[in-house]
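Below: one structure, written as structure tokens.
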Amino acid sequence: MIIRIDGMVDPHVHLRDLAWAHKATFASETAAALAGGYWAVLDMPNTPPSTVNRAALDTKLERITAAARCDWGVYLGASQADNTGEFAGVFDDVCGLKIFCNDTTGDLLVEDQCLRDKLFAAWTSPKPIAVHAEGETVLQILELVRKYRRHTHFLHISTAEEIGFLRAAKEECLPISVGVCPHHLYLTEDDVPRLGGFALMKPMLKTPRDVAALWAAIREGVVDVIESDHAPHTLDEKQSAKPPYGVPGLETTLPLMLTAVHDGRVTLERVIDMVSTNPRRIWGLIAPRDTFAVVDLDASYEITRAGLYSACGWSPYEGLRVTGRVISTWLRGQVVYDGEQVKALAGAGQRVVVQA
Ligand code: DOR
Ligand code: ZN
């Protein structure tokens, strides 16, 4: 069966470019997004120079405007140095605030709960606060959500324990949403010996029990969003003695989720909610007319390096057979990916429109 999925959004990607253009660029990774069926991506702030002030934001806006092939938004990052003074001046130009509360790639770790409190107090925009919070840190952030009632999106949730905290928070009617990544659904810590550096990301891969809890939370509706956490690093970097954290995912997220539909693990309706309807609603995004992915639910293929657009040139799923293929992607009535080639020019992507 061939279906159409309207305006898919990945609200959690690290496109790189700027000082990390050797890893990937806005032009290369937005091509990967279109090949993955996406209309729009929301870019994280941890590529140097980190997006933590007006000047860094302007540099990023200028580059991404010129180079993006799909539509896009960018986050402001919270910095250790307390950048709350920047907030009011950037509300209109960003899609949300990102706070890194646990260790990962980049230099934006905010571990001090007093500073996190200050950040929540100062973020008076209705645009979401997206948090990297793992384990007990989820509870610390929930305290702030309870206090300030700002919409908070919990990124890349990966454990049964965290799901338990967030299910309870939803029962309490806190204004939160929950994101899960395909790698935490399709891989476990048992894959680390086989994949080496290619299996390293933050949050780390977890146990089969955690994976089962994530699938159950997806079926139950506790998970709102499937996000790739697309984080390209070069082959050399990933094969080095100290590989950086992160895996690409823009081109494999939808096929992997459609494979789960094919295997009867989740309904097609739930997948469409999590890759399109819910992220548009949570981030207040209006998709342009005639913007959709056309998908063949029965087409089966093997994930290979050669089939990928991301500049990093590898995937942790190489060799895996998936069922469900993007056969074209349309943006504003134009074919921007025809199943073989990305047609959109650099700069054709526009900044996402956010509902007032
Ligand atoms: O694995 C990860 N890589 N997790 C993150 O939170 C950041 C990302 C990156 O930028 O490489
Ligand atoms: Zn991330």
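Read-outs throughout are calculated quantities, based only on the coordinates presented, and are distinct from any laboratory measurement. Just so it is clear, the model here is predicted, and its values are computed rather than measured. Positions of Cβ are generated from backbone atoms using ideal geometry, with glycine treated the same way; all protein chains shown enter the neighbour counts.
With a bin width of 5 angstrom, please list the P(r) values of the stretch 214-356 as percents of all Cα-Cα pairs, from the 0 bin to the one holding the largest distance.
2, 9, 15, 19, 21, 17, 12, 5, 1, 0
Rounded to the nearest 20 debye, what is the charge dipole size of the stretch 135-232 about its Cα centre when +1 sits on each Lys and Arg Cβ and -1 on each Asp and Glu Cβ?
For this selection, approximately 260 debye.
Ratio of alpha-carbon Rg to the 2.2 N^0.38 Å globular estimate for the stretch 1-133, to two decimals, please.
1.07
How would you rank Glu171, Glu251, Glu318, going from fewest to most other Cβ atoms within 10 Å of each one's own Cβ?
Glu171, Glu318, Glu251
Would you compute, for the Cα atoms of the stretch 160-210, the largest minus smallest coordinate along each principal axis and list the three values in descending order, in whole Å?
Its Cα atoms span 42, 17, 14 Å along the three principal axes.
Return the whole-Å distance between the Cα centroid of the stretch 256-322 and the Cα centroid of the stretch 30-81.
21 Å
Tell me the mean residue ellipticity at 222 nm calculated for the chain from its helices only (DSSP H runs of n ≥ 4, each -39500 (n - 2.57), averaged over every residue, nearest 500).
One gets -8000 deg cm²/dmol as the mean residue ellipticity at 222 nm.
Anyone know which of Glu162, Glu111, Glu29 comes out most mobile in the 10 Å Cα GNM of the chain?
Among Glu162, Glu111, Glu29, the largest mean-square fluctuation in the Gaussian network model of the chain belongs to Glu111.
Taking R0 as 25 Å, what's the FRET efficiency between Gln113 and Thr207 from their Cβ-Cβ distance, rounded to 0.05?
Between Gln113 and Thr207 the formula returns 0.35.
By counting other Cβ atoms within 10 Å of each Cβ, how are Thr323, Thr65 ranked from fewest to most?
The most exposed by this proxy come first: Thr65, Thr323.
How would you rank His262, His230, going from fewest to most other Cβ atoms within 10 Å of each one's own Cβ?
By the 10 Å Cβ count, ascending, the order reads His262, His230.
So which of Lys23/Lys60; Lys23/Lys206; Lys98/Lys170 end up more than 18 Å apart, counting from Cα to Cα?
From the list (Lys23/Lys60; Lys23/Lys206; Lys98/Lys170), the Cα-Cα distance tops 18 Å for Lys23/Lys206; Lys98/Lys170.
Relative to 2.2 N^0.38 Å, what does the C-alpha radius of gyration of the chain come to as a ratio? Two decimals please.
0.91
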